[in-house]
1. So in segment 1-18, with the set limited to residues that are over 23 Å from Glu62 (Cβ atoms) and crowded, with 16+ Cβ neighbours inside 10 Å, which one is modelled with the lowest pLDDT?
2. Take segment 51-73 and flag every residue that is farther than 14 Å from Arg118 by Cβ and either in contact with a Cys (Cβ under 8 Å, 6 or more places away or on another chain) or in a helix (DSSP H, G or I) (or both).
3. Looking for something buried (at least 18 other Cβ atoms within 10 Å of the Cβ), of a type outside the set (A, V, I, L, M), under 12 Å from the mean Cα position of the chain (by Cα) and not in a loop (DSSP other than H, G, I, E, B) - is there at least one such residue anywhere in segment 121-138?
4. Test Arg103 against the stated conditions and say whether it is of a type in the set (D, E, K, R) and free of Cβ contacts under 8 Å to residues at least 40 places away in the same chain.
5. State all residues of segment 19-53 that are of a type in the set (A, V, I, L, M), touching a residue at least 24 places away in the same chain (Cβ under 8 Å) and either exposed (fewer than 14 other Cβ atoms within 10 Å of the Cβ) or in contact with an Asp or Glu (Cβ under 9 Å, 6 or more places away or on another chain) (or both); if no residue qualifies, say none.
Amino acid sequence: MRDQQWLIDRLDHMWMLLFPDIERKNTVVIRWKGKWKNKFGHIKMLKNKDTEIVVNALLAHEEVPEGMIDATIAHELVHYMHGFQSPHPRLYKHPHAGGIVTRELKRRGFGHVLVVEREFLKNDWYKLHRELTGQKPRSFLQKFFG
């Protein structure tokens, strides 16, 4: 089951496997939160200087490939290592400048998971989001006229 402990263990495993060269300069917490349609996660620095990684709670459902969660965690860890919302020195002006996140993930051997993420987003995510949240699909006109 993808509960809170599963998510914590997943972060620790991924850090050890893919980011062993990146020092944890502060406490990094991770949790499930939100049911966003257009966002899988985010990272932020808390007032106490811990870093929080949030993963869309809908990804906890077993229908979602684990690769989606892995891609989300890895994406946020790249931001962490680049100094966004972490004590590491900021390496770039913007967090996604010039495709730096994708380049870093590919460099670390994570390109195959990016393919899983792209395919799931394209073929399954929006339908599954509607099913899990109970939202009805919007008509073409509702998109523009509410």
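1. Within segment 1-18, the subset over 23 Å from Glu62 (Cβ atoms) is 15-16, 18.
Those still in the list that are crowded, with 16+ Cβ neighbours inside 10 Å too: 15, 18.
Numbers: Trp15: 96, Leu18: 92.
Among those residues, the one meeting the criterion is Leu18.
2. Of segment 51-73, the ones farther than 14 Å from Arg118 by Cβ are 51-64, 66, 69, 73.
Scanning segment 51-73 gives Ala57, Leu58, Leu59, Ala60, Glu66, Ile69, Ile73.
3. Applying the first criterion (buried (at least 18 other Cβ atoms within 10 Å of the Cβ)) to segment 121-138 yields 125.
Restricting the remaining residues to those that are of a type outside the set (A, V, I, L, M) gives 125.
Then drop every residue that is not under 12 Å from the mean Cα position of the chain (by Cα), which leaves none.
Looking for residues that are buried (at least 18 other Cβ atoms within 10 Å of the Cβ), of a type outside the set (A, V, I, L, M), under 12 Å from the mean Cα position of the chain (by Cα) and not in a loop (DSSP other than H, G, I, E, B), one finds none in segment 121-138, hence no.
4. Criteria met by Arg103.
5. Selection gives Val28, Val29, Ile30, Ile43, Met45, Ile53.
The values are calculated or read from the model by the stated rules, or taken from the named source; none is laboratory data. Small disclaimer: the values here were computed from a predicted structure and weren't measured. Using ideal geometry, Cβ is built from the backbone for each residue, glycine included, and neighbour counts are taken over all protein chains shown.
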